[in-house]
Amino acid sequence: MKIRLSLFLFLAVIPAISFSQISLSPENMGLGGGGTSYSTGYEALFINPANLQIRERDYRVQFGIAQVGAQFTSPLFISHEFNRMNTFARGLRGFNPGVNQITNEQRASLINRNYGDDASSAEFLSQGEVYWFGVKWISEERSYALALRSRFASRSTVGRGFFAPSPVEVNGNQILDNSLNHKYQSLHELSFGYSDTFALLSGIFPRMAEFMIGVAPKIVVSGASVTVDHIDRFERQTDGQIWTRTTGFSHQSSGAHSVAAEDFMNRGFADGETGNAFNNNNLFRPTGIGMGIDFGLTYLITFGDDFSQIRRTDETTDKSLRLSISITDLGAIHYFDDPLYVSVAREEQDTFLRDNVSDSYFSGTPGEYLFFLDQDENHPLRSVESRSRGVYQKILPTAFNAGTLFQINRIKLMGDFRLGLNDDAFITPKFASYLGMELRPLSFLPLRAGVRMSSDSMDYFTLGAGVNTKYFDLNSGVKLRTDTNDAPIEISAASFVALRFYIP
């Protein structure tokens, strides 16, 4: 309930894009989504703990509460902010049948908005993040931090064939994809870490350049989790006559997701009772526990009259070049509460092309796939061949991050890239890059802007601002997207921190 209310406080959100960012903190969101070299507060525990050693402001202790961020992908444009908020909120509770019905006009708009001319599938992402509290303190030699964070993510890949009966041509083949992949996960993380100068490397460089290393082990408790992979794909050569249909299905889950799936298999259909499995915050109730670690390394070069590395407790860093790398979310979770694995073997057969389409869109709400795949009353859960209730383990959403930042007084220029090392709700093995800039026309007024770049286009742009004083600050950020069809600019994500305090 607390997570739901906290996310509601800031939302005026959101449809948009499905590329995850390194952090949902307001500063990082305003700078395009990166932050491997930028973040130096307690958030650095989860991004690059080496940066805890950097002292950009005149304080010994930093602490904050109620920092919230979220992004939400909607297949359809949603114009009214209240409707956006309600649609996002469904990701925090069970699916309500009938809410995602679409007309023929909306179906055409959905195809044009998400699939273009030749995409056989599209990816959608919704996620939220809450820092319940965080504290950082600086000693003579090193820095420490402690933080508690909750986050969730719902990622789905939906085939074009659910909405368009005509195939698309890909690499000389015609494809009609009716596949659905959905992953949902929630995590609660308590992290404690520290940063220190890496003397072994720093000693071979000039005094004005130092290597800093940071390590942040954490306890991770997982809420309900599910991974659904439904394969239903028609394919033939462009000049061919016979269609080959590939089918298969697997479902692995814990907690409320298992309860809902078992209810479907026992009764043979899904209705409101199935959705009740997700009520009463069951999505966030612990179903697994594990350990993780975040690791970072930063090479800091100061120049000009910046002697902060020599006079660490007396001067702040304001002229520097930072080169950083980090590996985040190394670890695994052991799932013990209502574990469930069911599957239907993969097979291929020659057949005719199926031309029926869905009467609703898929939003990634918990339990929604039970209804979405059953529109023709041929749900794969009715054909389950293998079932297991044994406990299972799953690795955390491990990622490699790298970034650089150039800072001179009131100007910061930064760039990052991220590469996921596994495929789950929070991250995929795709390359993402981020560019950002922060300007301070007044010393207390940071203005931020950034972009997320892909190989052939700008995926989105971001804006952020804050008020920074000696004893507290407020920051906010938004992610914006312009649709390809000259639609209005959409807010795809938003983030803010209620208050962050500093003790000199």
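Start at zero, step by 10 Å, and the Cα-Cα distances of the stretch 2-503 spread as 4, 19, 29, 24, 14, 7, 2, 0 percent across the bins. Taking a 19 Å limit on the Cα-Cα distance, which of the listed pairs Lys218/Lys394; Lys136/Lys394; Lys218/Lys470; Lys183/Lys430 fall beyond it? As for pairs spanning more than 19 Å Cα to Cα, those are Lys136/Lys394; Lys218/Lys470.
If you average the sequence gap of Cα pairs under 8 Å that are 6 or more apart and divide by the length of the stretch 2-503, what percent do you get for the contact order? After rounding, I find 21 percent. The ranking of Val478, Val168 by Cβ neighbour count inside 10 Å, starting from the fewest, reads Val168, Val478.
The peptide list 376-385, 347-356, put in order of mean Cβ contacts within 10 Å with the highest first, becomes 376-385, 347-356.
Give the cross-link partners of Lys412 among the aspartates and glutamates, using a straight C-alpha distance below 13 Å as the criterion and excluding same-chain residues fewer than 8 apart. Cross-link targets: Glu27, Glu56, Asp318, Glu438. Close amide H pairs (under 5 Å, H built 1.01 Å from N) link Asn422 with Thr398, residues at least 5 positions away or on another chain.
Counting only Cβ charges, +1 for Lys and Arg and -1 for Asp and Glu, the dipole size of the stretch 2-503 around its Cα centre is about 1580 debye. Annotation: the residues His230, His257, His251, His334, sorted from fewest to most other C-beta atoms within 10 Å of their own C-beta, follow the order His334, His230, His251, His257.
Every number here is computed from the coordinates shown, using simple stated rules; none is lab data. This structure is a prediction, so every number in the text was calculated from the model and none was measured. As a convention, Cβ positions derive from the backbone with ideal geometry for all residues, glycine included, and neighbour counts pool all protein chains shown.
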